Structures are given as structure tokens and as C-alpha cells.
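First the structure, in the form of C-alpha cells, and then the observations on it.
Where a number appears in this text, it was derived from the coordinates with a stated rule and is not lab data. Since this is a predicted model, take the numbers as computed values, not measurements. Cβ placement follows ideal geometry from the backbone for every residue including glycine, while neighbour counts extend to all protein chains displayed.
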Amino acid sequence: MNGEQDVRYLKELSAKYKEELTPLLRYLRWFEEHAGIDNSTNYDGGDHAGRTMAFPIFDSTLLAFVKEANNTSFMDPNYVYVYSRLKLKTPADERRAIEAAGITDWNVLCGILTCYVRGGMTRSYLWRQGMSESIFYLVLAKMKEIVEFWDKPLNV
């Protein structure tokens, strides 16, 4: 392929991503406003505290986002390979990968998002960490930045 064909392909790819990303972007402002905050609480059973196990209760907006994000093609069942390949072990590693991502690294953003969305379904600390470490916000903001960059008119 030549340069013009490459650019056209990336623009088409961006348009495809934009279509699926747009519904998720309504959560971006909420994530920005709640960045760095663990907005969950633990329910300990109230009057039955001695007979029940405590479990986390999450904000309904976060739960709506998780449900919607889980139904997108952004969910990568092989996200562990992204983590392995890039040696992502901490939220700081994830933030660096998010910051460095471009359109050709979309799978990295999807892998990180999948880890937090799907992983949080069985390990609730991931949803808490996704909020307190601003991972949900950073991934959505980077995806939006990438799509907006490629949405510019073609000037080849």
C-alpha cells in the first residue's frame, strides 16, 4: 500500500471505532468528574452484620457503563496477552501504555478496558481501581482523542 491508501484505511478504521465508541462517550464527563475517587461502598448487612458477608455496592452510572462497554467489540477475550506482551503489572504501567497508544495500538486500549470491565465482574477491586486510578477515564479519553485525530479531512 502507498501512503494515501494507508491513510484512507486508518480513516475507515477510525470511523468504525467512532461508531461504537460514541455511546460510551456519554460517560466520559462523569468519569472525569469522579477521576481518582473510589465511589463504591461496602454493604455489611445492616442489622444482620454478624450473619452476612460484606459486599461492594457500586454507583449506578459505573454499572451502566460496565454493562454497555461489555457489549461492544472493544472487549478482548485475549487481553491477558496484551498485559503479557507489554509487561503491564501496575496502574502506572497501564497509564504509560494508554498515553503512548495510537490508532495502531487500539488493541492495547481494548485490552486494558477489558481487564477492568470484565475482570471487575469477578474481582470487584478492579472496578474500584479503575475509578481510583482513573483508568476508565484515561482509556475513554485516549480513544476519543484517536478518533478525533483521524476524523479530520484527508489532506494527502
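Quick rundown of the values:
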read-out	value
Label-zone membership for region 82-109, site GLU20, 7 angstrom Cα→C-beta point, backbone N under 18 Å	82-83, 102-109
Filter on LYS67/LYS142; LYS11/LYS87; LYS11/LYS142; LYS18/LYS87 - keep pairs with C-alpha separation over 26 Å	LYS11/LYS87; LYS18/LYS87
